[in-house]
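Encoded as structure tokens, the structure appears first; notes follow it.
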Amino acid sequence: MSKGPMRDEIPPGTLYMLILKTLARGGEMHGFEVANSIQQISEDVLQVEEGSLYPALQRMLIKGWVKAEWGVTAGNRRARYYKLTKPGRKQLEIELSQFQRVNQAITRVIQTA
Amino acid sequence: MSDWLAQLWRRLRFLVNRRQFERDLDEEMQLHKELRQEKYQSAGIDYDSARYKAQHRFGNVTLLKEVSREMWGWIVFERVAQDLRYALRTMRKSPGFTAVAVLSLALGIGANTAIFTFVNAALLKPLPYPHPDRIVALVERHPKYGISPVHPRSFIEWHERARSFEALAIAQAIPINTEGDDGPEQVAGLWTTSELFHVFGVWPSLGRAFTDQETRPDASPVAILSHGYWQRRFGSDPNILGEIIQIERQPTTVIGIMPSGFRVAALNTDVYSPLPLDHNKPESVGSRAFQCYGRLRSDASLASAQAELTVIADQVGRQYPIDEGWGVMLTNLRDYLARDTRQVLLLLLGVVAFVLLIACANMASLLLTRGVGRRSELALRASLGAGRLRLVQQLLIESLVLSAVGGAIGLVLGLWASRALILLAKEAVAFGQMADIHLDIRVLGFTLALSLLTAIVFGLAPAWQASRFDLQAALREHGRGAGDTRGQQRFRSALVVGEVALAVVLLVGAGLLLRTFSQLLQVKLGFQPEHVLTMHMVVMGDAARRANLVEGVLDRVETLPEVRAVGTIQFLPLGGWTNRGPFHFVGRPDPAAPESMESDTSVVSYGYFAAMGIPVLRGRPFSRQDRMGSQRAALVNQSFVKKYCRHEDPLGLRISGDWSDPAPAEIVGVVGDIRHDGLTTEPRPTVFLAQAQGPGYITYLVVRTAAAPEGLATAIRHEILQVDRSQPVTDIKMMDQYVSASLARPRLYSALIGTFASLALVLAAVGLYGLMAYAVSRRTHEIGIRMALGAQPGAVLRSTLGQGARLAVIGLVLGVGCAMVLSRFVASLLYGVSPGDVPTYAGVAALLGGVGLIAAYVPARRASRVDPMVALRYE
């Protein structure tokens, strides 16, 4: 079914981190921009099932990691823009360090094998 | 913490602005898809493919929205709300089923609520006194004579020696003569010692309590009024303190008003009077006839106080030989007040629990049946993605809605029924504080918990079973005939068997009580209560005045034309009172200790035996010649002769006893035994003394009349007022009213339990009918084939009937077995019937067999009328 370049599903549990990081880099973005940004920066390797972004964003709103405000796109359409909050920044750091720890551990396991 | 609060705040905002949030999410997702589509289009893909690809890449929008909503954590409530709406819709769609279900639950829960309100008032609710757990009731106890009220001498000794009590008091309820608005009036008095109010921890709201000095014989008379009497008689006059009122023709100073609602134990009192207790001569106020209450010190327990008083009673017994053997028994006030009612209340609670269980079994059976019919609907929901737990939850919520509605109606029904019961049972039960029926937190909680429990008990099994099905088969077969497994059939049969068994137990209980009632109706009273008018007088003054007054009344009443005979007695038969004490034969050293001889004592006037219709078997009745100054005469009853004069002629023997005047009396006659203490109490040895030779204060006038004595009471009252203008008369009643009152409790019990048992029978019959009707409707096809193949309608009828009969018989056997075990709980309420009474069991079996047969016959007949052509074409 899939055509074009090989695309990998995002590893479970990392979606929040990717969104947080993307928002940290890009400031205010709406959902489509976040999805596109992840895909472009990963050079089309990371494939977000785009819809799953929205439940994740809802959860982050509850947690208070992001704030949302309605704005207007370059094409003059209404869109909801998400912005990182202070707790969101903190969460990003937690997730990053956790990810790196796990990643290093996995790498060690693989290399010693 | 603040983080958590902030989250909750955001969630709540979501809940309030749910619609807005959904619209936002929609718009956002729509934008995303459009932007993606545009991107594809700008890469040269045509509109339709771009649109499809964008959709595909986005994913399942409905599911994603669902998941997003779920993130906010309100989904459980939303589902419950959804199920609730659905349940209400389902209920509206089948009003017949709903009505039957709600009604049977309402009856079951209502019966439980009604009984529980009494259990609550009598056994659970704290008594309305400060530290009620420290109030105890004291009675005297003798290994031979049993339990008795307290003697003033015992009270004095206990009061002096015991250290366990903060306060100790005796009291006696006594009618008091006073002035009413129109002439003499009798009110409810309470004679008491000074510490009574301290015992109950409640003090006059106006004025003061009695001092110790005021409860001595030579004190100037004072009185404390109840709030109710003060309101009624004196219009709540705030200046009442210090006023003089007439009590027993004595000017008496009002010194206090008790707060509204106060009562001593279960007594309704109008006027509190000091008991003139002479410490050197305590028996002058009476003998073992006083209620005794004490308040324990905070460092004393019931057990320690009991131990201390046991020692004291022992010492007193050594000091006064007449008190030898008498011990003390202390009881917590609540237990003391509930002593008559506890067992019956718990029994009734058990009975209504059975009724509710039957209602539950019925509901479970109904829901199971309905569950089969709804299988295709459930299968459809399952195929649309509803999980099994979700289906169970939905069915359980339907049960909850049913039981909640049933419970709400039951609560109203129950409170109403308990009020009605108080009115109906007023004659049978002294409700006291039990009559304070209020909807308090315990009753509400009980009914709520019961409704929840009920829903789970009857709802869980059907919900579980209904949600278990083979999806494809259920959808294909469209509900009809879909896999009704053997296990389900057996479960439903077991429910019906259980219902029948429970109903049998209740029917046996009701049958035993009914038989008891009919036995009581046949008890030989020993007197003729028909056409006997009685009225109550409290005669005051010195002995000569009391004797003269009664003689004057007798003389005048005798001359009235409709009067056949007239006399007086101190305590009426079946009136609830009696005098009991030791006696001895004068000049005859008894081999046994003299104290071991005991008899009831009754003070009667000449004419009494004729008026009451009691036969004089030997010797003579009292006559006008038995008067003050002449040789003292006595009559005894048959039981007395049987017990104490086995070897000699009682006539001419002289006896003396613990009477207010111990002068010896000569036995001049023997009368027949009567039931004095109650219908079920065997007659006791009794000595009758002549009123004229030792007049008491309390007197009942007993008048035998020619026929229905219309207007006679007024005439007699008129005659009494001719003798003494200030003499009040109360309690004007026919003697058969006393007989009927003593039947009131057995009548109440058999009526109550009979009602509940009938309810149980109807419910069980409905259950059996429902099961059979269901079975027949499901087998219509099969029966059609059988009849097409030549089966006779009679055979079909018999086989279907046999099926129902089998269940009824199993239930009956099971129920009889349980009843034999459980009937001992009613043993103490039975009279003349043993708990294993064969006719009762046979009657119940016959009744149940008959009702079961009808319940099974109607569907069986329908089965035998199946038209094979119709049945076969129908599929």
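Quick notes on this one:
- In this simple spin-label approximation, B:Arg545 and B:Ala307 carry label points 7 Å from Cα along the Cα→Cβ vector, and these lie 5.2 nm apart.
- Taking every DSSP beta bridge that has both ends in the protein assembly as shown, the antiparallel portion is near 80%.
- Only one residue of B:Val119, A:Trp65, B:Phe585 has its Cα farthest out toward the positive end of the dipole of the protein assembly as shown, where Lys and Arg carry +1 and Asp and Glu -1 on Cβ, and that residue is A:Trp65.
- Computed label-point distance, nm, for sites B:Phe77 and B:Gln522 using a 7 Å Cα→Cβ extension: 6.8
- Cα-based helix-to-principal-axis angle, B:342-373 vs chain B, degrees rounded to 10: 20
- FRET efficiency estimate (nearest 0.05) - Cβ-Cβ, B:Val61 to B:Leu872, R0 56 angstrom: 0.65
- Inter-centroid distance (Cα atoms) of segment B:215-243 relative to segment B:346-386, Å: 62
- Taking amide H positions as modeled 1.01 Å from N, with prolines and chain starts lacking one, the residues under 5 Å from B:Gly327 and 5 or more places away or on another chain are B:Arg141, B:His142.
- In chain B, taking the dipole from charged Cβ atoms about the Cα centre, the farthest positive-side position among B:Gly498, B:Ala54, B:Gln20 is held by B:Ala54.
- Fraction of antiparallel bridges per DSSP, segment B:555-673 only, in percent to nearest 5: 70
- Among B:Thr840, B:Thr310, B:Thr559, the ranking by other beta carbons within 10 Å of each residue's beta carbon, starting with the fewest, stands as B:Thr559, B:Thr310, B:Thr840.
- Sorted fewest first by neighbouring Cβ atoms within 10 angstrom, B:Glu377, B:Glu214 come out as B:Glu377, B:Glu214.
- Taken along its three principal axes, the alpha carbon spread of chain B comes to 137, 81, 54 Å, from the longest extent down to the shortest.
- Degrees between helix B:47-58 axis and first principal axis of chain B (Cα, 0 to 90, nearest 10): 40
- Helix-only [θ]222 nm of the protein assembly as shown, DSSP H runs n ≥ 4, -39500 (n - 2.57) each, per residue, nearest 500: -17500 deg cm²/dmol
- Extension gain for the segment B:Glu427 to B:Ser834, taken as residue separation times 0.36 nm less the Cα-Cα distance, is 143.9 nm to one decimal.
- FRET efficiency estimate (nearest 0.05) - Cβ-Cβ, B:Leu346 to B:Arg232, R0 45 angstrom: 0.75
- Tensor-based shape of segment B:68-121 (alpha-carbon gyration tensor, a/c under 1.5 rounded, otherwise prolate or oblate): oblate
- Nearest 10 degrees, 0 to 90: helix B:152-161 Cα axis against chain B principal axis: 70
- Size of electric dipole in the protein assembly as shown: Cβ of Lys, Arg +1 and of Asp, Glu -1, about Cα centre, debye, nearest 20: 4860
- Per-residue shielding of B:56-63, expressed as the average number of other chain Cβ atoms within 10 Å of the residue Cβ, stands at 3.
- Only alpha carbons enter this Debye calculation for segment A:15-111, each as an equal point scatterer, and the log10 of I(q)/I(0) it gives at q = 0.12, 0.13, 0.14 Å⁻¹ is -0.42, -0.48, -0.55.
- For segment B:144-210, average projected area of the Cα convex hull in nm²: 7.1
- Per-residue shielding of A:31-40, expressed as the average number of other chain Cβ atoms within 10 Å of the residue Cβ, stands at 3.
- Coupling constants for segment B:823-831 follow from the phi torsions by the Karplus curve (6.51 cos²θ - 1.76 cosθ + 1.60, θ = phi - 60°), and in residue order they are 5, 5, 5, 9, 3, 6, 9, 8, 9 Hz; glycine and proline get x.
- Prolate/oblate/rounded call for segment B:505-644, Cα gyration tensor, a/c under 1.5 rounded: oblate
- Pairwise label distance in nanometres, A:Lys67 with B:Asp661, each label 7 Å out on the Cα-Cβ vector: 10.6
- Take the Cβ atoms of B:His142 and B:Trp577, set R0 to 25 Å, and the FRET efficiency comes out at 0.85.
- Dipole in debye (nearest 20) - segment A:15-111, about Cα centre, beta carbon charges: Lys, Arg +1; Asp, Glu -1: 480
- Within a straight-line Cα-Cα reach of under 19 Å, B:Lys39 can be paired with the following lysines, leaving aside sequence neighbours fewer than 8 residues apart in one chain: A:Lys3, B:Lys53.
- A simple rule links phi to the HN-Hα coupling: the Karplus curve 6.51 cos²θ - 1.76 cosθ + 1.60 with θ = phi - 60°, which for segment B:282-299 gives x, 5, 5, 8, x, 10, 6, 9, 10, 6, 10, 10, x, 10, 6, 5, 5, 9 Hz, with x for Gly and Pro.
- Antiparallel bridges, percent of DSSP beta bridges restricted to segment A:15-111 (to nearest 5): 100
- Cβ-to-Cβ counts within 10 Å put B:Ile257, A:Ile41 in ascending order as A:Ile41, B:Ile257, the fewest first.
- Cβ-based charge dipole, chain B, positive-most Cα from B:Ile783, B:Ser623, B:Ser164: B:Ile783
- In the protein assembly as shown, Rg over Rh equals 1.17, where Rg is the alpha-carbon radius of gyration and Rh the Kirkwood radius from pairwise Cα distances.
- Euclidean distance between Cα centres, segment B:120-194 to segment A:64-80, Å: 83
No value in this document is a laboratory result; all are computed from the given coordinates. Just so you know, these numbers come straight off a predicted model, no measurement behind them. Cβ sites come from the backbone with ideal geometry, for glycine too, and all protein chains shown count toward neighbours.
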